[in-house]
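Read-outs throughout are calculated quantities, based only on the coordinates presented, and are distinct from any laboratory measurement. Just so it is clear, the model here is predicted, and its values are computed rather than measured. All Cβ positions, glycine included, derive from the backbone under ideal geometry; neighbour counts span all protein chains shown.
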Amino acid sequence: MTDALVIRTTGSWYRLLLPDGSALDGRLRGNYRLRGNKQTNPVAVGDRVDYALQDDGTALILDVHDRRNYIVRRATKLSKQTHVIASNIDLLCIVATLGLPRTSTGFIDRLLVTAEAYHIPAAIVFNKVDLYDNELWEVHNELKSIYVNAGYPVLEVSALEGTGLDMLKEMIAGSTVLFSGHSGVGKSALLNALCPGLDLKVGQLSDWSLKGKHTTTFAEIHPITLSSHPSSLTYLIDTPGIKEFGMVDFTAQELSHFFPEMRAVLHGCRFANCTHYHEPGCAVKEAVDDGRISPERYQNYLNILEGID
Ligand SMILES: Nc1nc2c(ncn2[C@@H]2O[C@H](COP(=O)(O)OP(=O)(O)OP(=O)(O)O)[C@@H](O)[C@H]2O)c(=O)[nH]1
Ligand SMILES: [Mg+2]
Ligand SMILES: [Zn+2]
């Protein structure tokens with residue numbers, strides 16, 4: 001019995017990366033007990049597993065090791081079931097753009113909240129900056145200050161022109177990095193730019209909707225060596241684009257703890273169970289009023305709060 005890293009999952013087949021660098025396809029043993037029944041996928045990319053080599057040369061996955069962390073979303077909008085996107089992640093890179101298809105702060109904040117809830121460090125990488133005019137740069141700089149103020153690294157890159165990649169490489173070298181965002185923002189193009197030769201499939205935007213066409217269809221880990229950091233492997237996780245990020249439930253009281261800039265002030269609220277919406281003596285609202293917390297982030301907080309029953 002040996003241990004391996006799951007680098008791709010497609011249906012009931014899993015691709016395993018072995019310690020010697022070779023890869024093997026395998027299936028999960030039939031009587032594997034699911035952890036509860038809430039998750040649609042018992043094994044996700046990033047999982048470490050024990051396997052046995054079978055006579056036909058495939059692997060039989062016997063057990064999944066405990067996860068250091070993982071990130072989940074709702075399988076479908078109204079579903080109670082959850083889908084584990086990946087596990088054992090060092091950094092979530094939210095790939096966004098003010099070009100097309102434009103990313104809203106609402107979308108970014110839902111992903112950030114989820115990263116906070118699962119204790120995964122996050123950064124925002126704005127791609128396609130080659131398309132920015134002065135006006136978009138102004139919007140960008142405003143957004144950047146909002147997110148930097150909230151404690152998140154913000155980078156600007158162009159996968160097309162190869163700009164801004166040095167800082168990104170510096171940030172991700174030697175780590176396991178999950179790239180997530182809308183279809184068409186350029187996740188796969190960015191991975192190709194980070195590692196020439198990776199040759200991931202990149203798709204044109206749809207002519208009529210100006211959105212991506214869901215070119216990447218399953219999550220996959222690509223172990224690469226960055227030319228700037230030749231001594232360590234970096235694990236890039238490319239994922240399918242997501243339209244809306246379906247968050248998994250938490251309570252109204254928990255939510256503000258997943259906004260770092262609110263977490264920093266909420267001990268000053270008059271009521272311990274303050275939801276920072278209508279309560280008097282709210283330190284969060286005070287911070288919004290005097291500019292320490294961005295009104296946009298606060299509005300996104302209220303939007304998420306509204307969806308919690
Ligand atoms: N102008 C410009 N276009 C880019 C850039 N990066 C990617 N694109 C284009 O954006 C389109 C979508 O790129 P993909 O890499 O397939 O996007 P994706 O995020 O992987 O999309 P899905 O796999 O569908 O989730 C392609 O036409 C790319 O050429 C960039 O930096 N600038
Ligand atoms: Mg892709
Ligand atoms: Zn409050």
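Taking strands (runs of 3 or more DSSP E) that do not extend beyond region 154-229, which have at least 1 residues that are in contact with a helix residue (DSSP H, G or I) (Cβ under 7 Å, 6 or more places away or on another chain) and either among the small types (G, A, S) or near ligand 1 (Cβ under 9 Å from one of its atoms) (or both)?
176-180
Are there any pairs, at least 6 apart or on different chains, whose C-beta atoms fall under 9 Å, with the first in region 248-266 and part of a loop (DSSP other than H, G, I, E, B) and the second polar (S, T, N, Q) and more than 11 Å from ligand 3 (Cβ to nearest atom), and if so, which?
V248/T82; V248/T114; F259/N300
Keeping to region 278-293, report how many residues are near ligand 3 (Cβ under 8 Å from one of its atoms) and assigned to a loop (DSSP other than H, G, I, E, B).
Count: 3.
Just need a number here: residues in region 294-309 that are part of a loop (DSSP other than H, G, I, E, B) and of a type outside the set (D, E, K, R).
3
Which condition breaks for M167 when tested against (1) touching a strand residue (DSSP E or B) at 6+ places or on another chain (Cβ under 7 Å); (2) closer than 24 Å to Y70 by Cβ; (3) surrounded by fewer than 18 Cβ atoms within 10 Å (Cβ to Cβ)?
Here M167 clears every test but (2).
So is F271 more than 18 Å from L112 (Cα to Cα) and outside any helix (DSSP H, G or I) or not?
yes
Which residue, of L98, L78, is farther than 25 Å from S175 by Cβ, surrounded by fewer than 16 Cβ atoms within 10 Å (Cβ to Cβ) and among the aliphatic types (A, V, I, L, M)?
Just a single option satisfies the conditions, and that option is L78.
So how many residues does region 203-223 have that are surrounded by fewer than 17 Cβ atoms within 10 Å (Cβ to Cβ) and among the β-branched types (V, I, T)?
1
T114 is checked against (1) surrounded by 23 or more Cβ atoms within 10 Å (Cβ to Cβ); (2) part of a loop (DSSP other than H, G, I, E, B) and fails just one. What number does that condition carry?
Condition (2) is where T114 drops out.
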